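The values are calculated or read from the model by the stated rules, or taken from the named source; none is laboratory data. This structure is a prediction, so every number in the text was calculated from the model and none was measured. Here the Cβ positions follow ideal geometry from the backbone for every residue, glycine too, while neighbour counts run over all protein chains shown. Areas reflect the complete protein model, heavy atoms only, side chains present, ligands, DNA and RNA absent. Shrake-Rupley method; radii C 1.70, N 1.55, O 1.52, S 1.80 Å.
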Amino acid sequence: MSKKVTGEDGKTYVVKEKKPWYKKWWIWVIAIIVVIFLFAAFGGSSSDDSSDSGSTSSSSTKASSTKSSKSSDALKGTYKVGESATYNGYSFKVNSVKFWGGDDMDTPDSGKQYVIVNVTITNKGTEKQDYNSYDFKLNSNGDATDFDESITNDTYGKDELEDGTLDKGASVSGNLFGQAKTSNKLKLEYKPSFFDDKTIDVPLN
């Protein structure tokens, strides 16, 4: 851009004026690039936040669902003989309890009787699950011991529960053998999971 100017000598000169800085083309190019960069940065952040929010919402929903599932599978205090309990993919029931004083071949300790508990375990999970007789304890007045007695009697000593693996939906039944004073407060403790301390408790007398 230029304009004519008359000098002091009376002559006319053509003076070229500089464009204001904000009218220079490269200023606008830089401005446009900056705007695009800011839009991309904040737009992406907003999208990420939205995604994170969705993820959080999904996680919350999943956590809520898991909590609800666990609540429906929660254990109550104790279960009666003949009553089923379900926890950690296992359904468990004490079918019967018998007390036996022994014979010439099988003799319990002085003042005690054999405690014979028949149980059934069912795999309610989606995969194979193991079971073991050492998942059970005989609690006598607060002292919990293994069902590790061995009975040879043909009537009381048969169908011992040992260990194995259950397919989905499969069941197993068997006898557990312990001994205790029957005057004591007795209960069976079954721990379905190695990874927590929850037990299914069943009073035996």
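Tabulated data
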{"item": "One residue from PHE136, PHE147 being closer than 17 Å to LYS198 by Cα and in contact with a Leu (Cβ under 6 Å, 6 or more places away or on another chain)", "result": "PHE136"}
{"item": "Test result for LEU166, in contact (Cβ under 8 Å) with a residue 60 or more places away in the chain, within 28 Å of LYS128 (Cα to Cα) and of a type in the set (A, V, I, L, M)", "result": "no"}
{"item": "Residues within the stretch 73-84 that are modelled with pLDDT under 90 and either under 20 Å from ASP130 (Cα atoms) or under 20 Å from the mean Cα position of the chain (by Cα) (or both), tallied", "result": "4"}
{"item": "The stretch 133-149, residues that are without any contact (Cβ under 8 Å) to a residue 24 or more places away in the chain and under 18 Å from LYS98 (Cβ atoms)", "result": "none"}
{"item": "Residue within the stretch 91-100 that is open to solvent by 60 Å² or more (accessible area, probe 1.4 Å), assigned to a loop (DSSP other than H, G, I, E, B) and farther than 20 Å from ASN184 by Cβ present", "result": "no"}
{"item": "Enumeration of residues in the stretch 174-195 that are within 16 Å of THR86 (Cα to Cα) and in contact (Cβ under 8 Å) with a residue 60 or more places away in the chain", "result": "LEU188, TYR190, PRO192, SER193"}
{"item": "Test for SER110: is it of a type in the set (S, T, N, Q) and in contact with a Ser or Thr (Cβ under 8 Å, 6 or more places away or on another chain)", "result": "no"}
{"item": "Filtered residues of the stretch 106-127 (kept if of a type outside the set (Ser, Thr, Tyr), open to solvent by 40 Å² or more (accessible area, probe 1.4 Å) and over 15 Å from GLN179 (Cα atoms))", "result": "LYS124, GLU127"}
{"item": "Yes/no for ASP130 being open to solvent by 50 Å² or more (accessible area, probe 1.4 Å), without any contact (Cβ under 8 Å) to a residue 12 or more places away in the chain and farther than 24 Å from MET105 by Cα", "result": "no"}
